[in-house]
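> Sharing a structure, written as structure tokens. Questions coming.
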Amino acid sequence: MTDTLPTPSPFAPKDPARRRYALAAAWAAAKETPKIAPHYSFDYVRFNVLDDAQKAAGRLAAKELDFKALISQTNAITQPAPIGNGASVEWMSQPSAKNQFGAEIVEQLATAPIGAPTPVITSSFGGFYILLPLGREDRALSEGELQSEQQRAFSDWLNNARGDAVLVQRLIDPITLIPQAVRDAARNFQARYGNP
């Protein structure tokens with residue numbers, strides 16, 4: 001027995017961009033993207049070379065300087081070449097932190113003790129980080145972050161669904177997209193007034 005795809009509806013969009021839009025709309029109607037996400041407040045220093053990061057971690061552990069001083073010193077060293085950079089971050093969402101710093105950094109922000117410097121972390125985006133987590137709390141995502149998360153979740157889902165052609169066809173078929181009451185009203189209109 002062979003699997004057959006359902007016959008496409010004559011109302012299905014032919015343009016690939018319209019099909020993707022229709023599929024995204026169907027997916028959004030069926031899925032709920034969380035509007036709340038963990039947010040982190042933290043200081044960080046990013047080093048270009050592992051040896052510099054390890055020396056800085058040793059200086060922090062020996063209490064030779066505090067984290068703010070480490071940020072200042074790291075940012076000040078520019079000759080013969082910058083060794084890295086540091087900054088303070090006020091309440092960055094988990095998705096934004098993952099996009100900017102990488103999953104390894106987010107994992108440390110989520111689990112490391114508040115107020116204590118982390119060991120040196122190697123980011124998949126490049127560079128070596130020392131973090132100082134200052135706070136964690138759940139907050140609402142901004143509208144832009146929410147839209148980005150919805151698009152990311154849809155893209156992930158679509159990539160996984162591409163192997164299931166029956167599911168994709170069912171989602172873009174207007175028979176599953178358009179409520180029965182709307183289809184009935186359209187048929188009644190056509191029966192009463194004829195095809196436009």
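The values are calculated or read from the model by the stated rules, or taken from the named source; none is laboratory data. Worth saying up front: this structure is predicted, and the values here are computed from it rather than measured. Ideal geometry is used to build each Cβ from the backbone, glycine not excepted, and the neighbour counts take in all protein chains shown.
> Kindly indicate whether S9 is surrounded by 12 or more Cβ atoms within 10 Å (Cβ to Cβ), modelled with pLDDT of 80 or more and in contact with an Asp or Glu (Cβ under 8 Å, 6 or more places away or on another chain).
For S9, the condition - surrounded by 12 or more Cβ atoms within 10 Å (Cβ to Cβ), modelled with pLDDT of 80 or more and in contact with an Asp or Glu (Cβ under 8 Å, 6 or more places away or on another chain) - is not met.
> On to the next question. With touching a Ser or Thr at 6+ places or on another chain (Cβ under 8 Å), exposed (fewer than 13 other Cβ atoms within 10 Å of the Cβ), assigned by TED's automatic domain parsing to the domain that holds I121 and outside any helix (DSSP H, G or I) as the only criterion, which of E90, E64 stands out?
That would be E90, the only listed residue that is touching a Ser or Thr at 6+ places or on another chain (Cβ under 8 Å), exposed (fewer than 13 other Cβ atoms within 10 Å of the Cβ), assigned by TED's automatic domain parsing to the domain that holds I121 and outside any helix (DSSP H, G or I).
> So, A97, is that one under 14 Å from the mean Cα position of the chain (by Cα), crowded, with 21+ Cβ neighbours inside 10 Å and among the small types (G, A, S) or not?
The answer is yes for A97.
> Among the residues of the stretch 107-125, which ones are in a helix (DSSP H, G or I) and either touching a Gly at 6+ places or on another chain (Cβ under 7 Å) or touching a residue at least 24 places away in the same chain (Cβ under 8 Å) (or both)?
Those that are in a helix (DSSP H, G or I) and either touching a Gly at 6+ places or on another chain (Cβ under 7 Å) or touching a residue at least 24 places away in the same chain (Cβ under 8 Å) (or both): Q108, L109, A110.
> Check Q151 against each of (1) under 17 Å from the mean Cα position of the chain (by Cα); (2) among the polar types (S, T, N, Q); (3) at pLDDT 90 or above and name the one condition it does not meet.
Here Q151 meets the rest and fails (3).
> Sticking with this one: Going through the stretch 126-155 one residue at a time, which ones are surrounded by 15 or more Cβ atoms within 10 Å (Cβ to Cβ) and assigned to a loop (DSSP other than H, G, I, E, B)?
Hits for the stretch 126-155 are G127, L141.
> Return the total of residues in the stretch 139-150 being touching a residue at least 60 places away in the same chain (Cβ under 8 Å) and out of contact with any strand residue (DSSP E or B) (no Cβ under 7 Å at 6 or more places or on another chain).
The qualifying residues number 3.
> So, one more: Could you run through the stretch 73-87 and say how many residues are exposed (fewer than 13 other Cβ atoms within 10 Å of the Cβ) and either in a helix (DSSP H, G or I) or not assigned by TED's automatic domain parsing to the domain that holds G126 (or both)?
1
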